[in-house]
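Written out below as structure tokens is the structure these notes cover.
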Amino acid sequence: MTEDQLLGPRAHGGTCGSAVLKAVAEDFQVDEVLDIPLSGEGEHLWLWVEKRNLNTEEAARRLARAAGVPLRSISYAGLKDRQALTRQWFSLHLPGKADPALDKAEDETLRILKVRRHQRKLQRGAHSANGFTLRLTQLQADHAELDERLQRIKVHGVPNYFGLQRFGFEGGNVLGAREYAERQELPVQRNLRSRLLSAGRSYLFNSVLAERVASGIWNQAQVGDLLAFTDSRSFFPAGEAECADPRLAILDLHPTGPLWGAGESPAGAGMRVLETAVAMAEPAIAKWLAEAGMKHERRILRLPIGGLSWHYPVPDILQLEFVLPTGCFATAVVRELVSLAGQTDI
């Protein structure tokens, strides 16, 4: 499957040029934003960990081995990219135990930067955002055009597509989801089942968003929409008054799209028609998701870019810094700027 089949059209016009992302790990840096004051005491040991070219699950396994505890004793807020330099929190459940020596977990790919005790474990999804520092190298684009595009993105945001990472190489996860859906079966292996269900849901969401981008209404509330605030999982229906809410203009409130599950789309009017039509273009996947017990949820269609700043350390490098809500993809920002030369899976 191609990028355009998986993600849909760009919102701000054609790309301004080309570049390379992730030539080295330091070109893609992620810092977890976690607003939890740690008490300094308790049976959970929290670790602020820096990882280089190492995924979150492998880091958790290494910490468990070094601490001499089962993997289920290790918690983290979210998964971070492998091909990157990332900093995130982990917690170890150590009831009645002293702090273990963790030096065996450390090498050039993993460093423990802070250690702090707390009464509670780290919950999945507990972080409030992720901060990104990206370096686009081998840049071939006009700086003035890029600056104009970035100013536009700063004001209007970008479509909140799920990134290509979600779908696997050449969309393999979507193809796998479709194969299981056509048989109305679920993978026995838990990790595979979770990955394919997530890919199927994300593909339907991107398809709805693509339709709205093509129609020019991806960032405009329509009567019948379900609206949500940036950091909220709850939503409410939009009538004419809600469509004029000033919080839409400042990127605090957004229209949402479906994370498909059991039942009809809860959207109203023409929005339900649109969302149902997209789902019915993949009837096997839609039915499969519902029968797998997935609940119908919502995701904001528009991605606001917090604290966006940029500069050119040298003419052929663009460095970007910004903050995104959890579960959103930095590559959605990059895609509205440049094409990534020879890179199709990030």
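The values are calculated or read from the model by the stated rules, or taken from the named source; none is laboratory data. The model shown is predicted, which means the values in this text are computed figures rather than measured ones. Cβ sites come from the backbone with ideal geometry, for glycine too, and all protein chains shown count toward neighbours. SASA here: full protein model, heavy atoms, side chains in, ligands and nucleic acids out. Shrake-Rupley method; radii C 1.70, N 1.55, O 1.52, S 1.80 Å.
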Worksheet item: Of all residues in region 23-58, how many are more than 16 Å from Asn130 (Cβ to Cβ) and outside any helix (DSSP H, G or I)?
Response: 16
Item to complete: Looking only at region 1-22, count how many residues are assigned to a loop (DSSP other than H, G, I, E, B) and within 21 Å of the chain's Cα centre (by Cα).
Response: 8
Worksheet item: Looking at region 167-182, which of its residues are open to solvent by 70 Å² or more (accessible area, probe 1.4 Å) and not hydrophobic (A, V, I, L, M, F, W, C)?
Response: Glu170, Glu179, Glu182
Worksheet item: Looking at Lys154, Lys121, Lys114, which is the one that is of a type in the set (D, E, K, R) and under 23 Å from Thr256 (Cα atoms)?
Response: Lys154
Worksheet entry | Any chance Ala221 is at negative phi, assigned to a helix (DSSP H, G or I) and open to solvent by 10 Å² or more (accessible area, probe 1.4 Å) | no
Practice prompt. Looking for whichever is more than 17 Å from the chain's Cα centre (by Cα) and without any contact (Cβ under 8 Å) to a residue 24 or more places away in the chain here; the options are Ser194, Ser265, Ser215. Which one fits?
Written response: Ser215
Worksheet item: Is it the case that region 107-114 has a residue that's touching a strand residue (DSSP E or B) at 6+ places or on another chain (Cβ under 8 Å), open to solvent by less than 70 Å² (accessible area, probe 1.4 Å) and among the β-branched types (Val, Ile, Thr)?
Response: yes
Worksheet entry | Lone qualifier among Leu259, Leu301 - being touching an Asp or Glu at 6+ places or on another chain (Cβ under 6 Å) and modelled with pLDDT of 95 or more | Leu259
